[in-house]
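Working notes, structure below.
The values are calculated or read from the model by the stated rules, or taken from the named source; none is laboratory data. Just so you know, these numbers come straight off a predicted model, no measurement behind them. Glycine also receives a Cβ, built like all others from the backbone with ideal geometry; neighbour counts cover every protein chain displayed. Note: accessible area is taken over every heavy atom of the protein model, side chains too, but ligands, DNA and RNA are not part of it. Shrake-Rupley method; radii C 1.70, N 1.55, O 1.52, S 1.80 Å.
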Amino acid sequence: MKGTPEEPLCGFSRGAIQILQVNGVEHPNGVNCLEDPELREGIKEFSKWPTIPQIYINGEFIGGFDILLEMHKSGELESLLVKEKIVDSTDPK
């Protein structure tokens, strides 16, 4: 992401953190790609995804902010987070 979960430095990074938190992720992890130009370019090559932030859940690449937003809207994100045991389905949000 650009910035950190505590201080996102772009609207898409901020939006991604907000979506994760709304879905019950209390402490999302993030790596500030602005601190390392090699990381910033390398992550794009690794995932074959051109934009940042890039969302990974338990090591699996999910997509960028647009994909995360669509998953949130459809309920797919919540189901995935429960399945991956990142959030508890019995916890109220």
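Things worth noting here:
- In the full protein context, the stretch 3-83 carries 63 Å² of accessible surface per residue, based on a 1.4 Å probe and ignoring ligands, DNA and RNA.
- Radius 12 Å from Cβ of residue 53, net charge of other residues (Lys, Arg +1; Asp, Glu -1): +3
- Between helix 11-22 and the chain: long-axis angle, C-alpha atoms, 0 to 90°, nearest 10: 20 degrees
- Gain on full extension, evaluated as 0.36 nm per residue between residue 29 and residue 45 minus their Cα-Cα distance, stands at 3.7 nm.
- q = 0.15, 0.19, 0.25 Å⁻¹, the chain: log10 I(q)/I(0) [Debye, one scatterer per Cα]: -0.55, -0.87, -1.39
- Amide H partners (placed H, <5 Å) of residue 63, local residues excluded: 55
- Rounded percent of accessible protein surface that carbon and sulfur make up, the chain, 1.4 Å probe: 52 percent
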